[in-house]
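The structure under discussion appears below in the form of structure tokens.
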Amino acid sequence: LPGVSAAAIVLLKWLGHRQIQQKMEEARRTRDLALERMEKAAHRFKQENPGTQTEQVLSLTMVELAEKLKEGSLSPESVLYSYMGKVKALEVTREVNCVVDFIHGCEDQLEKLKKQKEKGLLYGIPISIKDHINCKGHVSSAGMVKFLGQVKEEDSVIVQVLKSQGAIPFVKTNIPQTMINYDCSNLIFGQTLNPLNHQKSPGGSSGGEGALIAGGGSVRGIGSDIAGSTRLPSSFCGLCGLKPTGNRIRTFVLAVTGTLGPMARDVDSLALCMKALLCEEMFQLDPTVPPIPFDEEVYSSSKPLRIGYYEGDGYFQPSPSMKRAVQQTRKLLQDAGHTLVPFAPPKIDYVVDELFTRGIFSDGAAHLVDCFKGDIVDPNLKSQFNTYRLPTLVKRILAIVLKPIVSVLHHAASISASHSMDLHTHLQQVYCTEFIAKWRKLRLDVILCPMLGPAFNHGYAGKLFAATSYTNLYNVLNFPAGVVPVSTVTRADEEELKHYRGHYGDPWDKRLKEAVEGAVGLPVAVQCVALPWQEELCLRFMKEVETLTH
């Protein structure tokens, strides 16, 4: 009998596994059919309109596109079908595997748009959308089998607002399984590659957006950010990205504030997007968003800034190119007449270990582990997942042995009863008050600091969760933070990397060195930060950095 029971269990597991595989295969077939439909639509338009200057359309910035669409020198059809064609013509999806769905309703929306008398700020501009953002008639899978087949009945607020401003969402992009990893891989749609170097990750969790925009298949996209998920792919793919203050657009209800934010090839595109989103439609559809329109005067200002800066956060030693990017940008800003003041984030270990990690895993990662019931864990997530599901006692022992660098184990051993959300929120507020006091004492306008990069080799993001210290600090603080590419990795950077030891010389420092190896020629970014609700000032600072470094 015991042998029969064991055989029955094995059979049930095999059947469950096979059922999961079948669902994933069906999702891939659905994706392939959708992309085929998009390809046919683009090809049909090209045949019917042989005079369309596709390359000229694709070479324009988003602001230039908006102007030409508004004045009528370009038609919305020519722009949409040019981008639909680009996705396939350059085989962006076949090469880097970044698109998971074609939003077929975009063709109907195009027809409605042509009949509208008023042209919104984003009239006729095609945009890409991260997988988990709801679009009517489409699935938001989060890279999980359990969500396949759950077709959404209405657009999310941000999609509704974008459409009201004339934008045309046309594709959904890939993400990592559960979005708790900053690589971009799941077992349903596979690994997304970095279009600048296929051996590298595009970052995550908005990695599909990063890859598509950097590959030229979208002029602008919408990502989300809870530990750097908009900023990291922007850094890895050489794009500009903004994480706004929570509630300026839309917030995730978690212990650490996550927000939706724009990604594009230049800062002006981000500013135009924010201007379009902060409109009456947004304020009516989502009453939790304060009715604060975009302040063009602040964004257009040329007043010299007082800028705090740091070259390393004291938690994870920056790679040589990260440090050089801040040093060179600091000098350019100083030469341009701005005042640069050294700044050190207070108690960074406490922020990452206590406020961020404990906030994310306040239940000992029980909910996250529970999410995988009826699913298969992606190999890129396995090292993280295996840590989360260790017995509590083992987590506590390992946390002591592995100190000082990673307390993920310790906090994955926490339970909500011993660390309530109320207490966590209070501790966050206390730290934020301390940070702002230091900021005010130095009379700063903004902060310049490193951005994690260059792009990682595949498979390393899941093993270097703690390296997000450079980005997750500003999720904990709920400050607006943006990314601007300022340089590329040099051979001298690569040579200096050989001597990289990190702060502790431990396995995580060794992994970071391995993660960023072989990146000569790839983009390096800096991070620009402002105080809460000052997105316009953050963008103005980003624009200054962009102008000086390009």
### Query
What length, rounded to one decimal in nm, is gained on full extension from residue 373 through to residue 95, with 0.36 nm per residue of separation minus their alpha-carbon distance?
96.9 nm
### Helical contribution to [θ] at 222 nm, DSSP H n ≥ 4, -39,500 (n - 2.57), averaged over the chain, rounded to 500
-13500 deg cm²/dmol
### Task
Kindly identify the stretch 18-291 as rounded, prolate or oblate by the Cα gyration tensor criterion: order the square roots of the eigenvalues as a ≥ b ≥ c, call it rounded if a/c is under 1.5, otherwise compare a/b with b/c, prolate if a/b is larger, else oblate.
rounded
### Query
Quick one: of the DSSP bridges fully inside the chain, what percent are antiparallel, nearest 5?
70 percent
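Using a 1.4 Å probe on the protein heavy atoms, what percent of the accessible area of the chain belongs to carbon and sulfur?
On the way: 12090 of 22190 Å².
The nonpolar share, carbon plus sulfur, comes to 54 percent.
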### Query
Simple spin-label model, 7 Å along Cα-to-Cβ: residue 430 to residue 59 in nm?
5.9 nm
#### Entry: Of (i) 26.4; (ii) 29.5; (iii) 37.9, the label for mean projected area of the Cα convex hull in nm² derived from the coordinates
(i)
### Task
Note down the net charge around residue 429, summing +1 for each Lys or Arg and -1 for each Asp or Glu among other residues with Cβ under 14 Å from its Cβ.
-3
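Taking 22 Å as R0, compute the FRET efficiency from the Cβ-Cβ separation of residue 383 and residue 25 and round it to 0.05. Don't jump to the answer; show the numbers that get you there.
Values: r = 26 Å, r/R0 = 1.20.
Once rounded, the FRET efficiency stands at 0.25.
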#### Entry: Spatial separation of Cα centroids for the stretch 255-299 and the stretch 167-227, in angstrom
21 Å
### Message
Cut-off 20 Å, label point 7 angstrom out along Cα-to-Cβ of residue 32: give me the residues of the stretch 94-112 whose amide nitrogen falls inside.
### Response
94-104
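Quick check for you: with a 1.4 Å probe and neighbouring chains kept, what is the accessible area per residue of the stretch 468-509, in Å²?
That works out to 37 Å² per residue.
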### Task
Out of all DSSP beta bridges with both ends in the stretch 18-291, state the antiparallel percent to the nearest 5.
70 percent
### Task
Kindly state, to the nearest 0.05, the FRET efficiency for residue 335 paired with residue 116, given R0 = 51 Å and r defined as their beta-carbon distance.
0.60
### Summary
Rounded to one decimal in nm, the spacing of the 7 Å Cα→Cβ label points at residue 421 and residue 48 is 5.0 nm
### Summary
Result for the stretch 18-291: accessible area per residue, probe 1.4 angstrom, in square angstrom, of 36 Å²
### Task
Subtract the Cα-Cα distance of residue 349 and residue 73 from 0.36 nm times their separation in residues, and report this length gain in nm to one decimal.
93.9 nm
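Too long at a 32 Å Cα-Cα cut-off: which of 115/243; 130/441; 303/513; 373/513; 163/513; 114/275?
Those over the limit are 115/243; 130/441; 303/513; 373/513; 163/513.
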### Query
Working out 0.36 nm times the residue gap between residue 40 and residue 440, then minus their Cα-Cα distance, what length gain in nm do you get to one decimal?
138.3 nm
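The values are calculated or read from the model by the stated rules, or taken from the named source; none is laboratory data. A quick note: this is a predicted structure, and the numbers were derived from the prediction, not measured. Cβ atoms come from the backbone with ideal geometry, glycine included; neighbour counts cover every protein chain shown. Keep in mind that these areas ignore ligands, DNA and RNA; they rest on the heavy atoms of the full protein, side chains included. Shrake-Rupley method; radii C 1.70, N 1.55, O 1.52, S 1.80 Å.
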